[in-house]
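Quick notes on the structure that follows.
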Amino acid sequence: MRRAKLIGLVLVVVFVISAVVSASVSALQWLIGGRPVTAATAITSSGKLLQSDLRPKIGSQVAMECEGTGRGTVGPGAKGEVTAVTATRCVFQAGLNGACEASKEVTGKAVNLPWLSLLLDSSRSPSGIGDRITADNGRNPGWSVECTVAGIFKITDTCESATAEPEVINLATGVDTRFLASETGGCTEGDASSGVVIGNELNLNPAGGTLSVSASSNR
């Protein structure tokens, strides 16, 4: 009898723990019109990102701002995917072109797409909610920048990060993803922590209905 009671108590404890874990996992999820997204649903994004290599091997700091658009999916639950990113316009920040010629074209390109994303409670994020981004191919998400040096030479600097976890904020029009300066990445023309991306992207549901994220279980 005592053994049966002990087993029963263990089962109750396991059930309670499982319920708590399930509640924590399901607390963060994508919503459209206030309803949970139960299948992968297409979204679009647009915004501006400032991409920097703080310590390139040649010249001084390089920083350029790119306007761009993106496509992907959200759901089911906390999952998401970025399938395409297009930089529509890139310009150097004043005086921060390093060895690149400021008067020549500079381009930015997302690398190692597609990227997977997962909503999670995040101590890194001021809002308490983050979106962990990883590549779907065993590599790291990142950006590749190409510029002109000495009038004729093209150089490419690719910066990747294994710890990309932008902040997620609900707005009246959609979900804002904000990349934080505290996160760094490695650059081919810099070093293991010289790459920084800051800025924001607004994510929308093109089919109608406001895109949002459920409240964090920590808040």
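The values are calculated or read from the model by the stated rules, or taken from the named source; none is laboratory data. Note that this is a predicted model, so its numbers are computed, not measured. Counting neighbours? That spans all protein chains shown, and the Cβs are built from the backbone with ideal geometry, glycine included.
Quick one: is Gly151 in contact with a strand residue (DSSP E or B) (Cβ under 7 Å, 6 or more places away or on another chain) and either in contact (Cβ under 8 Å) with a residue 12 or more places away in the chain or not in a loop (DSSP other than H, G, I, E, B) (or both)? Can you show your working first?
Working: in contact with a strand residue (DSSP E or B) (Cβ under 7 Å, 6 or more places away or on another chain): no; either in contact (Cβ under 8 Å) with a residue 12 or more places away in the chain or not in a loop (DSSP other than H, G, I, E, B) (or both): yes.
When the stated conditions are applied, Gly151 does not pass them.
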Kindly provide the set of residues from region 165-189 that are of a type in the set (Gly, Ala, Ser), part of a loop (DSSP other than H, G, I, E, B) and without any contact (Cβ under 8 Å) to a residue 40 or more places away in the chain, ordered by number. Ala172, Gly174, Ala181
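Can you list the strands (runs of 3 or more DSSP E) found entirely within region 20-126 that contain at least 2 residues being over 13 Å from the mean Cα position of the chain (by Cα) and closer than 26 Å to Ser193 by Cβ? Show your work before the answer.
Numbers: elements: 30-32, 41-53, 62-74, 79-97, 107-111, 115-121.
Correct list: 41-53, 62-74, 79-97, 107-111.
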Checked against (1) touching a Pro at 6+ places or on another chain (Cβ under 8 Å); (2) part of a loop (DSSP other than H, G, I, E, B), Ala192 satisfies every condition except (1)
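I need a count of the residues in region 176-197 that are within 17 Å of the chain's Cα centre (by Cα) and either buried (at least 21 other Cβ atoms within 10 Å of the Cβ) or at pLDDT 95 or above (or both). Step through it out loud before you land on a result.
Going through region 176-197, the residues within 17 Å of the chain's Cα centre (by Cα) turn out to be 176-186, 195-197.
The next check asks that each one be either buried (at least 21 other Cβ atoms within 10 Å of the Cβ) or at pLDDT 95 or above (or both); those that pass are 176-179, 185-186, 195-197.
Going through region 176-197 one residue at a time, the tally reaches 9.
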